[in-house]
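See below for the structure under consideration.
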Amino acid sequence: MSTADTATFRYSADKPGVRFRCWIAGPGFHGNRRSCPADKPTVDAPTTTTGSITFRNLQSSGQRYHFRVQAYIPAVTGAGTTITPEIPGTIVGFTWHRFAIYSPGDFVPASGPSFNNPMGGRAARRVSLSRVIRTVDGMPGYQDAYPGHCPQDPALIPGTIRISLYSLTDQAVAKALVAARRRCIGVQVLMNNHLNRQNDPAWRLLEQGLGTGHGAANRGRFDSFAHLCSYGCRGSGVLHLKMYLFDSALGRTKHVVMTG
């Protein structure tokens, strides 16, 4: 995968006097065959042929790009007759996605406390919830990548959100977390099991959007899930901790801890 709107390919053959043809298919390209440029022969590489080509203005899309290149020794003709036929090489290629970096907001939480006012209007009562939602929305990820195209390499994960709490019943929080998962951010939520998908619509939305567990087939600490904790997921008590951890690889929200 790539977030760049250009792609440069270099290719080579272990014979002199070789030519190249190539194809690119994907958004904005139709896979038409073209001649690919070859470098001028050099004294220090008399037995090889190399070349490169750059494609620009690549679109962000869930559709793949496919690049193929083939080396060949041209046919030799004379007096309208083919003396030596073309000698084609093996077609080799590369497939990738190009995604744009995107977040629905640009909020970065400041250090320090925030307080709700339970006697105020709706906005005053939701100060802390709004801070969480805005932080989630400010985490950049990959547009057009989901479903199915999020990177498997942990080094390419755009960020992680890890939450532990006693109750999650707010639909706006759940929707923001599911949207973050669709940007390929790893979202992991633990909640005490006094609520479940039958009596908590927000949790049901999370289970549908994140999944409910993590196992050997998933990507460990980068996989997304919404998991109900029995006995606090450890020991014999309930899960009563309220902890929100944010870490973005692409934005300014790094190593952020919220608790309440």
Subject >> When residues of the range 164-201 are limited to those that are part of a loop (DSSP other than H, G, I, E, B) and among the aliphatic types (A, V, I, L, M), the one nearest to the chain's Cα centre (by Cα) >> reply: Ile185
**OP:** Mind counting the residues in the range 1-20 that are over 26 Å from the mean Cα position of the chain (by Cα) and open to solvent by less than 30 Å² (accessible area, probe 1.4 Å)?
**Re:** 4
Subject >> Test: residue in the range 118-127 that is open to solvent by 70 Å² or more (accessible area, probe 1.4 Å), over 27 Å from Asn57 (Cα atoms) and outside any helix (DSSP H, G or I) >> reply: yes
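When you look at Arg64, is it over 30 Å from Tyr244 (Cβ atoms), open to solvent by 60 Å² or more (accessible area, probe 1.4 Å), basic (Lys, Arg) and modelled with pLDDT of 95 or more, yes or no? Break it down into steps so the answer makes sense when it comes.
On the way: over 30 Å from Tyr244 (Cβ atoms): yes; open to solvent by 60 Å² or more (accessible area, probe 1.4 Å): yes; basic (Lys, Arg): yes; modelled with pLDDT of 95 or more: no.
For Arg64, the condition - over 30 Å from Tyr244 (Cβ atoms), open to solvent by 60 Å² or more (accessible area, probe 1.4 Å), basic (Lys, Arg) and modelled with pLDDT of 95 or more - is not met.
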Original post:
Which residue pairs have Cβ atoms under 9 Å apart, sit 6 or more places apart or on different chains, and have a first residue in the range 1-19 that is of a type in the set (Asp, Glu) and a second that is assigned to a loop (DSSP other than H, G, I, E, B) and open to solvent by 30 Å² or more (accessible area, probe 1.4 Å)?
Top reply: Asp5/Arg56; Asp5/Asn57; Asp5/Gln59; Asp5/Ser60; Asp14/Thr47; Asp14/Thr48
**OP:** Return the residue satisfying two criteria in turn: it lies in the range 43-57 and is in contact (Cβ under 8 Å) with a residue 24 or more places away in the chain, outside any strand (DSSP E or B) and under 16 Å from Ser12 (Cα atoms), and of such residues it is least open to solvent (accessible area, probe 1.4 Å).
**Re:** Thr48
**OP:** For residues that are small (Gly, Ala, Ser) and loosely packed, with under 15 Cβ neighbours inside 10 Å, scanning just the range 180-229, find the one that is modelled with the highest pLDDT.
**Re:** Gly213
Original post:
Taking interchain pairs and intrachain pairs at least six residues apart, which have beta carbon atoms under 6 angstrom, with the first residue in the range 58-80 and within 17 Å of Phe94 (Cα to Cα) and the second of a type in the set (Ser, Thr, Tyr)?
Top reply: Arg64/Thr95; His66/Thr95; Val69/Tyr11
Subject >> Test set (1) outside any loop (DSSP other than H, G, I, E, B); (2) more than 24 Å from Pro158 (Cα to Cα); (3) open to solvent by 60 Å² or more (accessible area, probe 1.4 Å) - Lys40 fails condition number >> reply: (1)
**OP:** Could you please find all residues in the range 230-260 being β-branched (Val, Ile, Thr) and either at positive phi or buried (at least 19 other Cβ atoms within 10 Å of the Cβ) (or both)?
**Re:** Thr253
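The values are calculated or read from the model by the stated rules, or taken from the named source; none is laboratory data. Every value quoted in this text rests on a predicted model; they were computed, and no experiment measured them. Note that each Cβ is placed from the backbone with ideal geometry, even for glycine, and that neighbours are counted across all protein chains shown. The area values use the complete protein model at the heavy-atom level, side chains included, leaving out ligands, DNA and RNA. Shrake-Rupley method; radii C 1.70, N 1.55, O 1.52, S 1.80 Å.
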